[in-house]
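Laboratory data are not the source of any read-out in this text; all were calculated from the coordinates shown. Quick caveat: nothing in here was measured; it's all calculated off a predicted structure. Here the Cβ positions follow ideal geometry from the backbone for every residue, glycine too, while neighbour counts run over all protein chains shown.
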Number of protein chains: 2
Amino acid sequence: MSVFPTLAILGVGLIGSSIARAAREAGAVDRVTLYDPNPDVRARARALGLGDVADTAADAVRDADCVILAMPVGAMGAAAQEIAPHLKPGAILSDVGSVKRAVADAVSPHVPAGVHFIPAHPIAGTEQSGPDAGFSSLFRNRWMLITPLGPATPAQSALADFWTKLGALVDVMDIDRHDLVLAITSHVPHLIAFNIVATAEDLEAVTESEVVKYSAGGFRDFTRLAASDPIMWRDVFLANRDAVLEILGRFTEDLAALQRAIRWGDGEALHAIFTRARRVRREVIEAGQDIAAPNFGRNAGAE
Amino acid sequence: MSVFPTLAILGVGLIGSSIARAAREAGAVDRVTLYDPNPDVRARARALGLGDVADTAADAVRDADCVILAMPVGAMGAAAQEIAPHLKPGAILSDVGSVKRAVADAVSPHVPAGVHFIPAHPIAGTEQSGPDAGFSSLFRNRWMLITPLGPATPAQSALADFWTKLGALVDVMDIDRHDLVLAITSHVPHLIAFNIVATAEDLEAVTESEVVKYSAGGFRDFTRLAASDPIMWRDVFLANRDAVLEILGRFTEDLAALQRAIRWGDGEALHAIFTRARRVRREVIEAGQDIAAPNFGRNAGAE
């Protein structure tokens with residue numbers, strides 16, 4: 001039985017198109033409506049048969065029992081304002097943004113009485129973007145963090161049911177804690193990946209082709225993260241500024257200590273830090289989070 | 001036909017054991033002798049049937065036409081000194097260290113007249129270590145950089161033939177350039193991965209289990225690099241100090257600029273940097289270097 005007779009998805013990128021595919025495949029909805037401000041993306045969504053593609057956001061949400069905002073987080077406030085007058089009483093309004101406090105602050109003022117706004121964030125993705133990049137198994141065995149703004153409600157249970165049907169592992173988390181945890185597990189790692197790739201590109205002493213040619217030694221792993229959507233990530237860093245700067249400050253201090261150990265030949269200090277880092281990896285494997293991003297398999301060669 | 005009737009491998013870890021497996025499978029040698037200073041590793045090498053395991057380095061190299069040093073780079077000078085009196089005239093002495101200048105400086109003084117010392121570095125590996133972690137396809141389609149200390153010789157051609165038989169793509173590179181290129185493509189990426197994992201572990205505000213649990217958002221990719229052998233990497237950073245500090249200095253400057261852009265809400269600067277980084281990724285894919293490390297496939301779940 002479907003959780004939501006009609007689901008509306010605003011923003012048809014990697015995540016939005018994956019929700020459309022997964023929701024229908026899982027029978028979690030009867031009907032999916034979609035809207036994207038980019039007419040080319042709408043045309044592509046139609047060609048892919050992702051659902052009923054509307055030409056305005058208002059048309060997409062009018063009959064929806066649940067509306068999911070799946071655009072870059074910086075655009076969510078304006079989107080909420082635009083659709084607010086057209087939301088069905090009793091509807092759920094949710095999102096998939098990687099930052100939750102800024103989204104909650106931007107969206108909340110526009111939420112009409114009788115509409116249930118529940119911020120949420122599925123920890124899933126690949127470095128690909130656009131409606132062609134989505135696939136229905138994207139959320140399978142991935143965490144879905146719901147960061148409610150008040151006590152649990154039947155609407156929240158329905159949203160959790162929906163994501164569970166899509167294969168996700170649903171957790172509830174304090175909204176500010178979410179932003180700090182994600183700063184360390186996702187935002188700062190991406191920032192560092194973007195940064196090292198840009199540093200490499202700037203190096204005049206090492207031609208770019210050499211960096212690319214010999215990238216298998218570790219650099220390649222960073223380029224994957226750094227291939228993620230630039231607009232999405234710009235918005236994430238602007239929206240989660242305080243937590244990102246806090247973690248970045250600690251990272252920079254720690255890096256300065258490593259740099260000093262290298263300069264002064266302090267092998268013991270290096271070895272101690274490297275040994276601790278290795279232990280964390282073991283925990284990641286034990287926690288079952290060491291699964292390659294699905295696209296690794298797709299892009300892979302003969303190996 | 002074999003390239004070397006007898007090949008000696010000193011140091012039976014991931015790389016050494018992979019060479020033993022690959023060389024015999026490819027028919028590049030008739031016989032492999034091995035030595036490791038750790039008696040447990042020698043016992044394991046015997047149990048795995050990797051070749052003729054000797055109880056001293058001298059015994060392992062005595063009849064060898066080619067000797068490959070496959071221990072951490074900091075131990076190579078002493079190993080060369082130990083085996084020097086026992087090397088066969090005309091033999092090739094090579095290595096697989098990730099740093100080349102420091103190895104060349106440490107090994108060269110011990111090389112007897114009539115022995116051909118040719119430093120080399122296969123850009124291949126996984127985050128696993130030890131003799132059980134090796135596998136024969138590790139070098140297939142990976143770059144093998146030979147960094148000779150003089151003009152090309154027949155001995156160098158033979159070494160290139162050997163690695164080609166193992167499936168590697170052989171290139172010749174200036175020895176100092178190697179150390180700079182590898183600093184950016186491998187050494188600094190690993191250092192940063194070790195560092196961010198250590199930073200995460202130190203964070204009292206975010207319990208370690210949360211970092212591990214939600215690691216799929218990007219952090220996981222860093223833990224893989226940070227799981228690499230601590231002793232091997234300690235030696236790499238001590239041995240390639242100047243190039244690593246040079247690249248690290250640039251990385252830190254660039255990161256400070258990103259940090260400033262976040263603090264002041266400069267979305268345009270962020271977007272410009274992220275867009276450039278994405279382009280480099282495309283080049284990595286086009287160069288065919290976007291192949292997952294083999295262990296990704298092995299550890300992967302159902303995806």
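Residues of segment A:121-153 that are touching a Leu at 6+ places or on another chain (Cβ under 6 Å), hydrophobic (A, V, I, L, M, F, W, C) and farther than 13 Å from A:Leu166 by Cβ: A:Ala133 alone.
When segment A:1-28 is limited to residues that are part of a loop (DSSP other than H, G, I, E, B) and in contact with a strand residue (DSSP E or B) (Cβ under 9 Å, 6 or more places away or on another chain), the one that is surrounded by the most Cβ atoms within 10 Å (Cβ to Cβ) turns out to be A:Val12.
When you look at A:Ala261, is it crowded, with 16+ Cβ neighbours inside 10 Å and more than 7 Å from chain B (Cβ to nearest Cβ), yes or no?
Yes; evaluated as a whole, the condition is true for this residue.
Counting only residues that are surrounded by 20 or more Cβ atoms within 10 Å (Cβ to Cβ) and without any contact (Cβ under 8 Å) to a residue 60 or more places away in the chain, segment B:111-155 holds 12 of them. Counting only residues that are under 21 Å from A:Lys213 (Cα atoms) and of a type in the set (Ser, Thr, Tyr), which one in segment B:159-202 is surrounded by the most Cβ atoms within 10 Å (Cβ to Cβ)? It comes out as B:Thr185. From the list A:Ala91, A:Ala23, A:Ala58, A:Ala28, the lone residue that is farther than 30 Å from A:Asn141 by Cα and not charged (D, E, K, R) is A:Ala58. For segment B:46-90, a residue qualifies if it is closer than 19 Å to B:Thr6 by Cα and in contact with an Asp or Glu (Cβ under 6 Å, 6 or more places away or on another chain), and the qualifying residues are B:Ala57, B:Leu69.
Residue-wise test of (1) more than 7 Å from chain B (Cβ to nearest Cβ); (2) outside any loop (DSSP other than H, G, I, E, B); (3) under 28 Å from A:Ala78 (Cα atoms).
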{"position": "A:Val212", "(1), (2), (3)": "no, yes, no"}
{"position": "A:Phe222", "(1), (2), (3)": "no, yes, no"}
{"position": "A:Ala227", "(1), (2), (3)": "no, no, yes"}
{"position": "A:Ile231", "(1), (2), (3)": "no, yes, yes"}
{"position": "A:Asp235", "(1), (2), (3)": "yes, yes, yes"}
{"position": "A:Leu238", "(1), (2), (3)": "no, yes, yes"}
{"position": "A:Asp242", "(1), (2), (3)": "yes, yes, yes"}
{"position": "A:Leu245", "(1), (2), (3)": "no, yes, yes"}
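Selection over segment B:233-268 of residues that are within 16 Å of B:Pro189 (Cα to Cα) and charged (D, E, K, R) gives a count of 8. Taking the criterion of being under 28 Å from A:Asp105 (Cβ atoms) and in a loop (DSSP other than H, G, I, E, B), the residues of segment A:135-166 that qualify are A:Leu138, A:Phe139, A:Arg142, A:Thr147, A:Pro148, A:Leu149, A:Gly150, A:Pro151, A:Ala152, A:Thr153, A:Leu166.
Going residue by residue through segment A:191-200, is there one that turns out to be in contact (Cβ under 8 Å) with a residue 12 or more places away in the chain and farther than 22 Å from B:His187 by Cα? Taking every residue of segment A:191-200 in turn, none turns out to be in contact (Cβ under 8 Å) with a residue 12 or more places away in the chain and farther than 22 Å from B:His187 by Cα.
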